[in-house]
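Notes to accompany the following structure.
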Amino acid sequence: MFVDTVTITARGGNGGAGVSAFLRRKGLPKGKPNGGSGGSGGDVHLVADPDVPTLLRYERHPVWRAGNGAHGEGDLRHGGHGDDLELPVPIGTSVRDEEGRLVADLLEPGQRVLVARGGKGGRGNASFVSPNRRAPTFAEQGEYGEDAMLRLELKMLADAALIGYPNAGKSTLISRVSAAKPKIADYPFTTLVPNLGVVSVGERELILADIPGLIEGAAEGKGLGHEFLRHTERARALVVLLDPSPLQTDPIETQLAVLINELESHDPELAARPRIVVVTKSDVAADAVIDLGDDVDAMTISAVTGEGLDDLVHRIMDVVDTIERETPEREGFVLHRPLREEFTIRTDGSEWVVEGIAAVRATNLADLTDPDAAEFVSQRLVRSGIVAGLIDAGAEAGDDVRIGSIVFTFDPDLDDVEEMYT
């Protein structure tokens, strides 16, 4: 089954929690802090793999998650990191985020993109020992991993693409000039998926794509071919097949106009790409009048008898070679995402809401009822600029402030805030 578009959810692993523990010795009920830290969660990567032909596995299993980090333990035993998850995708896969932005175009074997980060592991109480804090009783929780909803689109990598009306002879042609074995029959829409064939002549070689037949209105969603127009986008050249046989209701000049119009409606740059016009089925339409105008240099072939096939293959290879010399090789890319916003502050009228990674990390302790933990969180909120941000936004003493599931009463000491920044 050929699948070329899917939506998946990728989830980074959660970080493990740190632990609050102390070295127990006789006569010292609470000795030296020795709580270990949790391990970080695993990341999720997409990796271009030449051995993966379609996106079928992701249609069947749309949710993927990396491994969670292990929790820390006493005796300074730190939790192990969660396993990263690598998801192989076909070469030619484009990756879009939930908002439709293109974040990666994977065109080279092994090219990879990080799509969901794992959460950081929480630190154990041994990590918080300082000259002013000899025996901290608190530890951090692990952070949740990122969730990302992604749209994956496969666009085939071919040197040239065959386009034409349904039943114009594209599948027969690719079966004659390559080892591809597409389904062939004398009714429209025989080809339901794109086919790739490798064409070799001596030391020369090219990849030819058979695109399911286009009809008028394909770019707007009519017929089946519109689903596969994207597969023509990477082709260097287009081979336009025109069928003069009685099987087609439109004359070849109308077929040519419709096909070019559909390409232009899908992508104007695509319609301007170098193309070779070919009139097919000369074996059954020998008496057909071929008149496409002086500006169209059309070849005539028969994929059944083999007439003109050698000349056509050499012509396609010459055009592709010229394009390769004149056009630099297109490379895949991975968009470097901007750093996450540290925090944002908004109000819903009844309380202030602080969101962002800085806010989560400032309050990410296991037990905020512990006085030491509450004091430490207060210091973090000041150092991170969240307290100053709330004051600038108009928060006043006594206002409720929400960070995640935690709600506290805002009671800033302006002298303490100024002292932290001096």
## Note on the structure
Karplus ³J(HN,Hα) for region 74-80 (6.51 cos²θ - 1.76 cosθ + 1.60, θ = phi - 60°; Hz, whole; x = Gly/Pro) runs x, 6, 6, 8, 8, x, x
### Task
Hey, can you grab everything whose amide H is under 5 Å from the amide H of ALA303? Only 5+ residues off in sequence or another chain; H modelled, so Pro and N-termini drop out.
LYS281, SER282
#### Entry: region 112-129-region 345-392 distance, computed between alpha-carbon centres (Å)
19
### Query
Which of the aspartates and glutamates could a cross-linker bridge to LYS32, judged by Cα under 13 Å and excluding same-chain residues fewer than eight apart?
ASP75
### Task
Give, in nm to one decimal, the length gained when the segment between SER130 and GLU396 is fully stretched (0.36 nm per residue of separation minus the Cα-Cα distance).
92.5 nm
### Query
Quick one: Karplus J couplings for region 342-354, per residue in order, coefficients 6.51, -1.76, 1.60, θ = phi - 60°, nearest Hz, x for Gly and Pro?
4, 6, 10, 10, 9, 10, 9, x, 9, 7, 8, 10, 10
### Task
Along Cα→Cβ, 7 Å out, is where each label goes; now give me the distance between the ones at ALA374 and ALA272 in nm to one decimal.
6.8
#### Entry: Built amide H within the under 5 Å cut-off of LYS32, gap 5+
LEU23
### Query
So, by mean Cβ neighbours within 10 angstrom, what's the order for 345-351, 374-380 with the highest one leading?
374-380, 345-351
### Task
Mind listing the long-range amide H neighbours of VAL239? Cut-off is under 5 Å, sequence gap 5 or more, other chains count too, H placed in the peptide plane at 1.01 Å from N.
ALA161, LEU162, ILE163, ILE276
### Summary
Distance in nm between MET149 and ASP250 label points, each 7 Å along Cα→Cβ, equals 3.7
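Using a 10 Å cut-off on Cβ atoms, rank the peptides 290-296, 381-387 from the highest mean neighbour count down.
Highest to lowest by the protection proxy: 381-387, 290-296.
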### Query
So for the pair GLU205, ASP297, with labels modelled 7 Å out along Cα→Cβ, what separation do we get in nm?
2.9
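Could you compute the net charge surrounding LEU196? Neighbours are other residues with a C-beta less than 11 Å from the C-beta of LEU196; K and R count +1, D and E count -1.
Net charge in that neighbourhood comes out at -2.
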### Summary
Residue separation between ARG325 and ASP83 times 0.36 nm, minus their alpha-carbon distance, gives in nm 82.7 nm
### Query
For region 344-420, what is the convex hull volume of the alpha-carbon atoms per residue, in Å³?
87
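The numbers here are math on the coordinates, done by the rules we state, and not lab data. All values reported here derive from a predicted model rather than from experimental measurement. Cβ coordinates were reconstructed from backbone atoms using ideal geometry, including for glycine residues, and neighbour counts include every protein chain displayed.
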